[in-house]
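K.L.:
Once you've had a glance at the structure underneath, I'll fire off some questions.
The values are calculated or read from the model by the stated rules, or taken from the named source; none is laboratory data. From a predicted model like this one, the values you see are computed outputs, not experimental measurements. For the accessible areas, the whole protein counts, side chains as well, though only heavy atoms, and no ligand, DNA or RNA atoms are used. Shrake-Rupley method; radii C 1.70, N 1.55, O 1.52, S 1.80 Å.
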Amino acid sequence: MKNLKLKSARAAKDMSQDALAKIVGVSRQTINAIEKGDYNPTIKLCKEICKALDKTLDELFWDEE
């Protein structure tokens, strides 16, 4: 499932996939794969992404279905 919440939060900060990737220490392709729903990040990576975007785990990664 696509992670549109992550994509939206990143866009709201006017941050490219590459910029976010550099902050959290992964490749741009990894961020792209997470946003497309092709990759499930580790909890550590989720926490780093949340920290970089000033969001909580629930705000970015919790599926409300």
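K.L.:
Please report, as a whole percent, how much of the solvent-accessible surface of the chain comes from carbon and sulfur atoms (probe radius 1.4 Å). Don't jump to the answer; show the numbers that get you there.
P.N.:
Values: 2220 of 4460 Å².
The C+S portion of the solvent-accessible surface of the chain is 50 percent.
K.L.:
Further question: What label, among (i) 15, 13, 12; (ii) 46, 17, 10; (iii) 20, 12, 9, belongs to semi-axes √(5λ) of the Cα gyration tensor in Å computed from the structure on display?
P.N.:
From the options (i) 15, 13, 12; (ii) 46, 17, 10; (iii) 20, 12, 9, the structure gives (i).
K.L.:
Could you grab the relative contact order for the chain? Cα pairs under 8 Å, six or more apart, rounded to a whole percent. Display every interim value, and only then the final one.
P.N.:
Working: 58 pairs, mean separation 24.8, N = 65.
Once divided by the residue count of the chain, the mean separation gives 38 percent.
K.L.:
Still on this structure, I have one more. Restricting to DSSP H runs of at least four residues, report the calculated mean residue ellipticity at 222 nm for the chain, -39500 (n - 2.57) per run over all residues, nearest 500 deg cm²/dmol. Please list the in-between numbers first.
P.N.:
Values: 5 runs with 42 residues, N = 65.
Value at 222 nm, helices only: -17500 deg cm²/dmol.
K.L.:
With every protein chain left in place, what is the accessible area per residue of the chain in square angstrom, probe 1.4 Å? Kindly include the intermediate steps, with their values, before the conclusion.
P.N.:
On the way: 4460 Å² over 65 residues.
On a per-residue basis, the chain sits at 69 Å².
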